[in-house]
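First comes the structure, then the notes that go with it.
The values are calculated or read from the model by the stated rules, or taken from the named source; none is laboratory data. Everything numeric here is computed off the predicted structure, so don't read it as measured data. All Cβ positions, glycine included, derive from the backbone under ideal geometry; neighbour counts span all protein chains shown. These accessible areas exclude ligands, DNA and RNA; they are computed on the full protein's heavy atoms, side chains included. Shrake-Rupley method; radii C 1.70, N 1.55, O 1.52, S 1.80 Å.
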Amino acid sequence: MKRLFSLAVALVACVSTQAVWFSSAPGSVDSGQGYWVSADESPGGNSVEVWVYKNGSYFAYGNGWGYASAGGSTTDYGVQTVTYEAYSSWYDDWWNYYGDYTSTTVNIIQPNNAPTIEWVQNPGSAQVNQWFAVQARGTDPDGNLMNVIVWREWVPFAYNGGGNGYENYTDANLYAHDSPGSVTFMAASLDSNYAESPVIYHTVTITENNAINYNSTNWPTTAYMNQGITFSMNVTNSGTKYWGGGHFIGMRDWNANNIYFPSLNGWTPGTTGDVSFSYTTPNLPGTYPYNFQALEHMVEYFGPHFSLSVEVINRAPVNPTISSGGVTQINLGQSVTLTGTLQDPDGNLAFHNLYYAAPGGNFTGILSGTPSGGGYSSISTTYTPNAPGVWQFRTLGHDNYDWSPNATLSVTVVDVTAPTVPGSLSASGNTTGNSFTLNWAASTDNVGVTAYEVMRDTTSLGTTSATSLSVTGLTQGATYAMKVRARDAAGNWSAWSGILNVTTPDLTAPSIPNSTTFSVTANTTGNSFTLSWTASTDNIGVTGYEVMRDTTLAGSPSTASLSVTGLTQATTYAMKVRARDAAGNWSAWSNVVNVSTPDVTAPSVPTGLASASVTNTNFTLNWSASTDNVGVTAYEVMRGTTNLGSAAPTSRAITGLMPGTTYAMKVRARDAAGNWSTWSSILNVTTTALPNVDSDGDGVSDLIEQQLGTNPNAAAQADTNGTNQLKIHRPNQ
């Protein structure tokens with residue numbers, strides 16, 4: 001893995017001008033001596049990493065942003081050469097990858113000689129509170145001595161570095177122990193190769209010191225703050241130390257660490273005298289210790305400590321009062337004048353304050369006054385509350401140590417100012433037909449608007465703290481008069497806003513015209529009829545209809561009927577209707593109802609009557625075809641007054657006739673609607689005559705006999721009138 005990394009670093013190293021280097025690596029070091037090895041890289045780019053390997057094994061790693069260092073301490077033994085390799089990698093500002101490599105060696109050589117240590121000054125004993133000193137000396141035969149250290153009771157006490165490399169002294173500070181017993185000192189030396197000398201020990205025995213004795217004559221135990229007090233004591237010295245030809249004794253104030261000599265110079269051994277110390281008590285109440293100690297010849301001998309406690313008492317400021325000049329209620333926006341007074345029996349009043357507390361709030365300072373002295377303070381200010389309610393005011397003070405009691409009063413602040421009238425009313429979301437959102441511009445108030453009341457026509461919709469309200473439960477296509485007013489926390493109402501008329505949209509289409517109720521009247525002319533239907537219903541009202549004839553708009557009546565004109569006879573029309581309301585909502589189309597116009601036009605009169613194939617008993621009647629707006633369906637033929645019924649188009653065989661008889665023929669045409677044309681002009685057709693022969697001699701002509709044979713129901717009768725003419729009676733003629 002390391003070889004792969006080395007190869008990768010070598011491949012990218014050619015593009016970099018930076019290098020990794022060993023910032024710490026000794027060229028040689030004694031066997032067993034600890035030493036430090038570190039490598040650094042600072043390409044000035046982005047993230048940097050440094051790896052250090054020792055004899056091919058991982059040793060240290062470091063990374064950073066623009067700089068990296070990796071290192072550590074180690075110890076090697078035996079004479080050898082240790083190889084260290086350093087690899088680095090980083091990215092430039094364009095996040096291109098770079099790397100570098102370097103190596104170094106450390107030679108492990110012959111071991112170093114450790115230094116030695118010895119006591120130079122080490123007293124065996126000392127009295128309680130007597131100063132004494134100890135001194136140690138270190139020596140290094142190799143000349144690389146670094147320092148000498150002395151410990152007292154296993155705690156570092158004195159240190160001395162430098163020196164000439166061969167010899168060094170360490171003087172322990174003067175020390176005085178305050179109780180009988182023993183004190184243990186330790187000493188050792190160290191050379192620059194971190195080789196240490198053995199540790200040496202020495203114990204000093206501390207004995208009692210009875211050279212100086214004293215007792216108190218005046219020790220106050222209580223006092224007020226900043227009060228002057230005096231401590232007095234009687235001192236007896238039995239010591240033998242002299243300085244300047246006479247005995248020298250003093251008293252030490254242990255609190256201030258000062259030494260006083262109140263007329264004790266020159267005292268001889270065995271002398272007794274009084275010593276006094278004057279103080280001013282602290283400016284903070286509490287229990288304070290005072291410690292004293294007698295000494296002989298400045299620093300040679302000390303007497304035992306003498307301690308006492310003084311309770312320092314502070315008298316807190318008293319008699320606070322606060323006044324508002326008798327004012328207990330004001331309107332919001334008005335001011336109140338506040339005056340606070342306070343007394344301090346100690347005369348050390350530090351400050352005097354006035355406070356306010358808004359309704360439901362905490363006290364906050366209004367005015368901080370600095371007393372002018374004399375133990376009395378009076379401060380005054382004018383304050384304007386900014387919210388309605390009951391305001392609390394109080395005054396109190398503080399001397400250098402304690403608070404006074406507080407004095408409190410209440411002032412009720414009344415809000416009498418109504419909010420401004422809401423403005424800019426508008427409606428939004430008015431699309432469903434049964435609701436909309438009423439919006440308005442916020443009102444302002446000297447304190448704050450808490451609610452708005454919305455009125456719809458004469459109905460209150462309640463209150464809201466927002467500047468909009470969803471108005472629901474409405475009727476489509478209805479107009480509502482909307483107005484708003486504002487209220488503050490004090491219950492002051494603004495005037496009503498101007499009215500905004502909001503009309504809800506009509507989204508409900510009329511009912512579909514019922515095709516089962518459609519009726520057609522006046523359908524007799526063949527070119528028009530009147531279509532009627534049951535009126536549609538609507539949530540608001542139907543305003544009109546559209547009537548469709550096939551794919552053509554036939555009309556837009558406002559009522560439930562329409563005269564449909566311009567039609568063609570004998571034609572079927574697909575009729576449908578839909579309804580519309582005032583909002584333009586259309587119903588769906590009704591079902592289609594088919595209406596047919598009547599055919600009231602008769603065919604043309606048949607013309608061109610002609611006979612053909614006339615015999616003594618029949619002929620064929622022909623005529624030219626009639627015309628009709630729809631079509632001729634039949635013809636009727638009349639022979640004289642006898643209706644021969646319908647005939648095939650344009651011809652009719654007329655049979656059963658009498659020879660030599662003239663017949664009046666006429667024709668009329670009929671269409672499918674039953675319309676008859678008028679009768680055509682009469683065509684007289686005469687059948688051919690037969691000869692009047694009586695071939696059998698029976699007195700009846702062959703013609704008569706022929707007819708009788710044809711109609712056996714006929715009978716010949718003699719003419720009773722003697723005309724000898726035969727009448728032939730045909731029952732059906």
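A few comments on the model shown:
- Anisotropy class of segment 75-152 from Cα gyration tensor, a/c 1.5 cut: oblate
- Here's the list of aspartates and glutamates a cross-link from Lys483 could span, going by alpha-carbon distance under 16 Å and ignoring same-chain residues fewer than 8 apart: Glu453, Asp457.
- In the context of the full set of protein chains, residues of segment 105-206 present 48 Å² of accessible surface per residue (probe radius 1.4 Å, heavy atoms only).
- Dipole in debye (nearest 20) - segment 617-675, about Cα centre, beta carbon charges: Lys, Arg +1; Asp, Glu -1: 160
- Each 5 Å bin from zero holds the following percent of Cα-Cα pairs in segment 515-575: 4, 17, 28, 25, 15, 6, 3, 1, 0.
- Amide N proximity, segment 487-504 versus Thr475 label position 7 Å along Cα-to-Cβ, cut-off under 14 Å: 503-504
- Protein-only accessible surface order, largest first, of Ile682, Ile109, Ile206 at 1.4 Å: Ile682, Ile109, Ile206
- Carbon and sulfur %, accessible surface of segment 450-608 computed with the full protein complex present, 1.4 Å: 48
- Pairwise FRET efficiency - Val155 versus Trp403, Cβ, R0 = 56 Å, nearest 0.05: 0.80
- Segment 328-435, relative contact order [Cα under 8 Å, separation at least 6], %: 32
- Maximal additional length on extending the Glu196-Ile313 stretch stands at 36.2 nm, based on 0.36 nm per residue less the C-alpha distance.
- Using R0 = 51 Å, the C-beta based FRET efficiency linking Thr686 and Thr524 works out to 0.70.
- Within segment 25-89, the chymotrypsin sites (Phe, Trp or Tyr not before Pro) that combine a DSSP coil assignment with at most 14 other C-beta atoms in a 10 angstrom radius are Tyr77.
- Theoretical FRET efficiency, 1/(1+(r/R0)^6), r = Cβ-Cβ of Ser232 and Thr370, R0 51 Å, to 0.05: 0.85
- If the segment from Tyr67 to Asp142 were pulled out straight at 0.36 nm per residue, it would be longer than the present Cα-Cα gap by 23.1 nm.
- In segment 69-173, the GluC sites (Glu not before Pro) that fall in loop regions by DSSP, at most 15 other Cβ within 10 Å: Glu153
- Net length available on complete extension from Ser651 to Asn113 is 177.3 nm, with 0.36 nm assigned per residue and the Cα-Cα distance removed.
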